[in-house]
Amino acid sequence: MSPWIEAEFACLDLGDERLHRRLRQVLEKMWQTPQGSTAAACGSWKETMAAYRLFAHEAVTLEQILAPHREQVAARCRLAKVVLHIQDTTELDYSKKKSLAGTGPLSEESRQGFFAHNEYVVEAEGGVPLGLWHTDIHARDPEEHGEAELRKQLPIEEKESFRWLGGLPARQRAPGAMPGGAGDFHQ
C-alpha cells in the first residue's frame with residue numbers, strides 16, 4: 001500500500017474495518033492507473049464489482065471519503081504562508097453510457113452526464129496543490145433544459161451558480177484549517 005494512502009486516510013471512519021481495507025485497495029489501484037476507468041484500474045470483473053459494491057454501500061458516502069483527506073489538506077494548509085481556494089465546474093460526459101441512471105443534459109440536450117463543482121486548495125507560492133476541499137456532483141433536470149430565461153428569474157439560492165458562493169461557507173466550517181485560522185480569507 002502506498003504510504004500516502006495510509007497517511008491520507010488514517011482517520012477514515014466508515015464503521016467497518018473491511019470497508020476501510022477495501023477503500024484503500026481501490027484507491028491504490030486507481031492511483032496506479034489514474035487515466036483509467038474504475039474497471040481498467042481494478043483489472044478484473046471481480047475487483048470491479050467489489051469496487052462498485054463499496055461505492056454503493058450506505059456507509060460509504062462522498063463526505064465520508066472526503067473527510068479524512070480534508071483533515072490532511074487542513075494540516076498542509078497550516079504549514080503554508082498563503083493558500084488559494086480555487087473553484088471549477090467540469091462536465092462529466094457519459095453520453096456513450098446509455099444505461100447509466102441519473103444523468104442529465106449538459107450544454108446540449110444530446111450530451112448527457114454530470115457536473116462536478118470542485119474546490120481545490122493550492123499553496124500560493126509555487127502553486128503546489130494541497131488537495132480537494134469540497135466537491136458537489138449533480139445532474140441537471142432534463143425538464144429544465146432550454147429554460148435559461150426562466151432560470152435567470154430564480155433567486156440566487158435556487159440557481160446552479162449558487163455553488164460558486166457556497167465555497168466560502170465550506171472554507172469557514174474548518175476553524176484553524178487555513179493560515180491565520182478560520183475567517184482569514186480574502187475574496
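The values are calculated or read from the model by the stated rules, or taken from the named source; none is laboratory data. Everything quoted here is computed from the prediction, not taken from an experiment. Neighbour counts run over all protein chains shown; Cβ positions are idealised from the backbone, glycine included.
Of the residues screened, residue 76 is not one that is touching a residue at least 60 places away in the same chain (Cβ under 8 Å) and in a helix (DSSP H, G or I).
Among the residues of the range 52-67, those identified as assigned to a helix (DSSP H, G or I), within 13 Å of the chain's Cα centre (by Cα) and either among the small types (Gly, Ala, Ser) or farther than 20 Å from residue 41 by Cβ (or both) are 63, 64, 67. The residues of the range 34-54 that are without any contact (Cβ under 8 Å) to a residue 12 or more places away in the chain and either surrounded by fewer than 14 Cβ atoms within 10 Å (Cβ to Cβ) or of a type in the set (A, V, I, L, M) (or both), listed by number, are 34, 35, 36, 37, 39, 40, 44, 45, 46, 49, 53.
A residue that is in the same structural domain as residue 67 (by TED's automatic domain parsing), of a type in the set (Asp, Glu) and either within 15 Å of the chain's Cα centre (by Cα) or at pLDDT 95 or above (or both) can be found somewhere in the range 108-122.
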